[in-house]
Amino acid sequence: NCKPRQTSTLTKPLLKCKAAIVSSAGLYLQDLQKKFDHKVRGGDYTCRIISNNVNMNHLADGQRSKSYDHSGIRQDTSTGMPIPQLNRLAEEGFIGRVNHRHFSVMGSILAPMRFIKNTIPEIVQHMKEDRVDVVLLIPF
């Protein structure tokens, strides 16, 4: 059953909202963060926190899925973690502001219960602490 236990309605205009990104592109900070582990049975269910002021050239493709061509995301990591584009929306007044951190997870998780029970609550807690109003989900 994928029906959420609780839903909510946005109570303020986007131009007053704080936004964050959750991407399942499996991006991580090369040389600073542990790669997603492709050997974890059922898929690596952990999360990588990506700073809003990251140099996009420091992000690496850690996605294990072979079901798509990785050349695009390797050439431009913002296709999987559109931080520059979200910042531009804030600068242009479409959204209020951008959160100081975003979240990268592995998209090809074949056994999702550990992800649902461990990782999602961790991400939600961070977003509550940061007072994030809206989330841009980037599926991969």
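Could you please report the charge total around residue 122, scoring K, R as +1 and D, E as -1 over all other residues with beta-carbon less than 12 angstrom from its beta-carbon? If you can, show how the numbers build up before the last one.
Details: positive: 48, 114, 117, 128; negative: 129.
Summing Lys and Arg as +1 and Asp and Glu as -1 gives +3.
Dipole of the range 56-138 computed with +1 at Lys/Arg Cβ and -1 at Asp/Glu Cβ about the Cα centre; of 115, 62, 102, farthest Cα towards the positive end is 115.
Rank by packing, highest mean first: peptides 71-77, 99-105, with packing defined as the count of other Cβ atoms within 10 Å averaged across residues. Write down the numbers at each step before the final one.
On the way: 71-77: 14.3, 99-105: 21.6.
Highest to lowest by the protection proxy: 99-105, 71-77.
Probing with 1.4 Å while keeping every protein chain in the model, the per residue accessible area of the range 21-140 equals 58 Å². Each residue of the range 50-61 was assigned a 3J(HN,Hα) from its phi angle through the Karplus curve 6.51 cos²θ - 1.76 cosθ + 1.60 (θ = phi - 60°); the sequence is 10, 5, 5, 9, 5, 7, 4, 6, 8, 7, 10, 7 Hz, with glycine and proline shown as x. A Cβ-based charge dipole, computed about the Cα centre of the range 1-71 with Lys and Arg at +1 and Asp and Glu at -1, lands at about 400 debye. Largest GNM mean-square fluctuation across 86, 59, 32, computed for the chain with C-alpha springs under 10 Å, falls on 32.
Counting lysine pairs in the range 1-122 whose alpha carbons fall under 21 angstrom apart, excluding pairs fewer than 8 residues apart on the same chain, gives 5.
Excluding residue 63 itself, what net charge comes from residues whose Cβ is under 11 Å from its Cβ, given Lys and Arg +1 and Asp and Glu -1? Could you put the intermediate results ahead of the total?
Numbers: positive: 35, 64, 66, 74; negative: 44, 61.
Here the charged neighbours net out to +2.
Would you tally the net charge around residue 38, using a Cβ to Cβ cut-off of less than 13 Å, leaving residue 38 out, and scoring K and R as +1, D and E as -1?
Numbers: positive: 34, 35, 39, 41, 64, 66; negative: 37, 44, 61.
Spelling it out: positives minus negatives among the neighbours equals +3.
Using a probe radius of 1.4 angstrom, the carbon and sulfur fraction of the accessible surface of the chain is 52%.
Suppose every Lys and Arg Cβ carries +1 and every Asp and Glu Cβ carries -1, with no other charges. What dipole size does the range 37-140 come out with about its Cα centre, to the nearest 20 debye? Walk me through the numbers before you get to the answer.
Working: 13 positive and 11 negative charges, 82 e Å.
It works out to roughly 400 debye.
How high is the relative contact order of the range 15-140, in percent, counting Cα pairs under 8 Å that sit 6 or more residues apart? Relative contact order here is 48 percent.
The values are calculated or read from the model by the stated rules, or taken from the named source; none is laboratory data. Computed from a predicted structure; not experimentally measured. All Cβ positions, even for glycine, are placed from backbone atoms using ideal geometry, and neighbour counts span all protein chains on display. Note: areas computed on protein heavy atoms with side chains; ligands, DNA, RNA excluded. Shrake-Rupley method; radii C 1.70, N 1.55, O 1.52, S 1.80 Å.
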